[in-house]
Each structure stands twice: as structure tokens, then as C-alpha cells.
Amino acid sequence: MSSVSASPIGILIVDDHRAILSGVAALVGSESPRMHIVGQARCRTDALVLARTARPNVIVLDVELGGDDGLDLIPPFHTCCDAAIVVFTCATDPRVRLRALRLGAAGFVSKTAPGGELIAAIDAAAVRPAPREA
């Protein structure tokens, strides 16, 4: 195992549903001692503040944030912090996945997938460099 993959991974969860925030936090806490939650946000404004202040390694981002499009947060996240982004959503339209990846998401996981898939996506994203704006 490389020293990069053994490094602690700070995670910011961005989802408008409290149950998802709690569930992801519980999953992370039970699955990997290297991963820890550095913040939870339910709206765009809180997500951007926490991305700047908590300095996460990975942001787990929902596509739908109340009335906002979560994918619109990907470019500002890349501007304000070095975090990789894993989109975690119920969206099934392949165009949503393609758009997320084009915007620079490091991973895309369905909320119906087994929890291990989200953990694996977070782990993989944590060792990838975040995209840089030109």
C-alpha cells in the first residue's frame, strides 16, 4: 500500500436530505478508519463555505439540492479547494453522469448501489489529483 492511499481522507457530504447525510457519515465511520467527515451541508451556500474552511479531500455531492442543481457546484468547488468530487445520486439518466464527469467529477455512484461502491469511489477519488482550471 502506498503512503498516499494510507493518508487520512477528509470528506464533505453535500445533500439536502438529513437521512442521507447521516447515512453516509455512518457508512464512512463504519467502513474505513482512514476516512472521516469534515463537514455536512444541505445547501449550496453552506457547501461552498465548508469547502473553503474544512478543506476536504473528497466531496460527496448529490445532483439535486432542493431547488439547486448540485452539478453546478463542481466548477466552484474546483476553484475554492483541491477536493475531488464523487457524485452520489438517485439520477439514472446517463446524460447526468456524462455531465458530471465532463465538469470534473472523479466518480459517480448511484444511491441504490451497495455502500462499498461509495467507499471505493471515495478512496479512488482521494488519490486522484483534482482538475485544475486553466
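Readers should treat all values here as calculations from the given coordinates under stated rules, not as data from a laboratory. Please read these numbers as outputs of a predicted model, since none were measured by experiment. With ideal geometry, Cβ positions are generated from the backbone for all residues, glycine too; neighbour counts draw on all protein chains shown.
Here the Gaussian network model covers the chain, with springs between Cα atoms less than 10 Å apart; of 46, 15, 123, 46 fluctuates the most.
Which whole-number percent gives the relative contact order of the chain, counting Cα pairs below 8 Å spaced six or more residues apart?
Numbers: 242 pairs, mean separation 31.4, N = 134.
RCO, the chain: 23 percent.
Sort 89, 45 by Cβ crowding within 10 Å, fewest neighbours at the top.
Working: 89 21, 45 10.
Starting with the residue having the fewest Cβ neighbours, the order is 45, 89.
Given +1 on the Cβ of Lys and Arg, -1 on the Cβ of Asp and Glu, and no further charges, what dipole in debye does the chain carry about its Cα centre, rounded to the nearest 20? Before the final figure, lay out the partial values.
Values: 13 positive and 14 negative charges, 50 e Å.
In total the dipole reaches around 240 debye.
The helix-based estimate of mean residue ellipticity at 222 nm for the chain, built from -39,500 (n - 2.57) per DSSP H run of four or more residues and divided by its residue count, is -12000 deg cm²/dmol to the nearest 500.
Residue 61 sits among other residues whose Cβ lies under 14 Å from its own Cβ, and their net charge, with Lys and Arg +1 and Asp and Glu -1, is -3.
Over the Cα atoms of the chain, what is the Rg over Rh ratio if Rh follows Kirkwood?
The Rg/Rh ratio comes out at 0.92.
If you plug the beta carbon distance of residue 31 and residue 95 into 1/(1 + (r/R0)^6) with R0 = 30 Å, you get a FRET efficiency near 0.50. In terms of the mean number of neighbouring beta-carbon atoms within 10 Å, the peptides 76-83, 17-24 order highest first as 76-83, 17-24. Per residue, the Cα convex hull of the range 44-114 amounts to 85 Å³.
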